[in-house]
Amino acid sequence: MRIPDAKVALSTASVYPESTATAFEIAARLGYDGVEVMVWTDPVSQDIDALRRLSDYHGVPVLAVHAPCLLITQRVWSTDPWVKLQRARSAAEKLGASTVVVHPPFRWQRSYAREFVRGVWRMEHETDVKFAVENMYPWRYRDREMLAYAPDWDPTQEDYRHFTVDLSHTATARNDAVEMMQRMGDRLAHVHLADGNGSAKDEHLVPGRGSQPCAQVLERLAATGFDGHVVVEVNTRRAMSAAEREADLAEALAFTRLHLASPTWVPGS
């Protein structure tokens, strides 16, 4: 048995439509090692001083900051995507977080997309904070597919220093999560743990409730001594009560700790 140094964090997005403050409270109560702050339309998620107070009050460190890359956050922290990344880096530095999670640009962000790979490398040279570029997926509607991200929804097609693998996104893209991790190699710095069944919708199911190899991924991380962060990023919007939401997040944490502590896979198998 091998237990890696990886910390298990709760994404504040996992409590939506509850608030960022609620995520800190739940993370503390359930025993998560920290949180990843999703910067979005909740004003608290954008306020460094408020986040620091929440972290101190609950004794829950901020381990990562997710830059505001979503369609609904196009005006959060500026409309300039480089300013967003600069502010995310500053937030991470001030909060003691080691990682900024960032999505590839949308294709219509042409100037940003052209400079994205070089720009992310440049920003990494300016800080100790890691910029971990996340895998996305093609957008699908019925039998049509649209490539919404540039240079590519699959970040392993480009030369980035650090990666985030998201298992709900591998489900939506219908690609092999384990194979993607192998391509990322030792540049895999961050994991978004969730599940999915290959729907065109980004499902973010509680791990173990879909078709993704969540247990196998965690066991591989344990066997290889992964020392990044494993972040539970699940969708609890359908929870009928606060108690049901908390039960889902407790189940996700238990699943993660179980499979990080009991690997059945060894290198070369």
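The values are calculated or read from the model by the stated rules, or taken from the named source; none is laboratory data. Not measured: the values here are computed from a predicted model. Because the Cβ atoms are built from the backbone with ideal geometry, glycine has one as well, and the counts that use them run over all protein chains shown. Heads up: the accessible areas ignore ligands, DNA and RNA and are worked out on the full protein's heavy atoms, side chains in. Shrake-Rupley method; radii C 1.70, N 1.55, O 1.52, S 1.80 Å.
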Residue match in the range 92-103 (condition: among the small types (Gly, Ala, Ser), under 26 Å from Ala252 (Cβ atoms) and touching a Pro at 6+ places or on another chain (Cβ under 7 Å)): yes
Selected residue (criterion: surrounded by the most Cβ atoms within 10 Å (Cβ to Cβ)) from residues of the range 43-70 that are of a type in the set (Gly, Ala, Ser) and over 23 Å from Val133 (Cβ atoms): Ser55
Criterion: outside any helix (DSSP H, G or I) and crowded, with 19+ Cβ neighbours inside 10 Å - qualifying residue of Pro17, Pro104: Pro104
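Restricting attention to the range 140-162, and to residues there that are without any contact (Cβ under 8 Å) to a residue 24 or more places away in the chain and among the acidic types (Asp, Glu), which single residue is farthest from Arg187 (Cα to Cα)?
First, the residues of the range 140-162 that are without any contact (Cβ under 8 Å) to a residue 24 or more places away in the chain: 142-146, 157.
Imposing the further condition that a residue be among the acidic types (Asp, Glu) reduces the set to 143, 145.
Working: Asp143: 34, Glu145: 29 Å.
For the range 140-162, the residue satisfying everything is Asp143.
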Number of the exception - Ala250 against (1) assigned to a helix (DSSP H, G or I); (2) open to solvent by 30 Å² or more (accessible area, probe 1.4 Å); (3) free of Cβ contacts under 8 Å to residues at least 60 places away in the same chain; (4) more than 20 Å from Asp152 (Cα to Cα): (3)
Filter result (closer than 22 Å to Ser98 by Cβ, open to solvent by less than 10 Å² (accessible area, probe 1.4 Å) and either of a type in the set (Phe, Trp, Tyr) or over 16 Å from the mean Cα position of the chain (by Cα) (or both)) within the range 141-181: Tyr160, Phe163
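Could you count how many residues in the range 127-156 are assigned to a helix (DSSP H, G or I) and either in contact with a Pro (Cβ under 7 Å, 6 or more places away or on another chain) or aliphatic (A, V, I, L, M) (or both)? Before the answer, list the steps.
Filtering the range 127-156 for residues assigned to a helix (DSSP H, G or I) gives 155-156.
If we keep only those that are either in contact with a Pro (Cβ under 7 Å, 6 or more places away or on another chain) or aliphatic (A, V, I, L, M) (or both) as well, we get 155.
The number of residues fulfilling the criteria is 1.
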Set Ala92, Ala23, Ala97, Ala6: member being free of Cβ contacts under 8 Å to residues at least 24 places away in the same chain, open to solvent by less than 20 Å² (accessible area, probe 1.4 Å) and more than 22 Å from Asp159 (Cα to Cα): Ala23
All positions within the range 219-238 that are modelled with pLDDT of 95 or more and either open to solvent by 10 Å² or more (accessible area, probe 1.4 Å) or in a helix (DSSP H, G or I) (or both): His229, Glu233, Asn235
Unique residue being surrounded by fewer than 23 Cβ atoms within 10 Å (Cβ to Cβ), in a helix (DSSP H, G or I) and on the phi < 0 side of the Ramachandran plot when the list is Trp82, Trp40: Trp82
Residues located in the range 193-218, provided they are closer than 22 Å to Lys7 by Cα and buried (at least 21 other Cβ atoms within 10 Å of the Cβ): Leu193, Ala194, Asp195, His204, Leu205, Val206, Pro207, Gln212, Cys214, Val217, Leu218
Residues of the range 26-36 classified as surrounded by 19 or more Cβ atoms within 10 Å (Cβ to Cβ) and without any contact (Cβ under 8 Å) to a residue 60 or more places away in the chain, total: 2
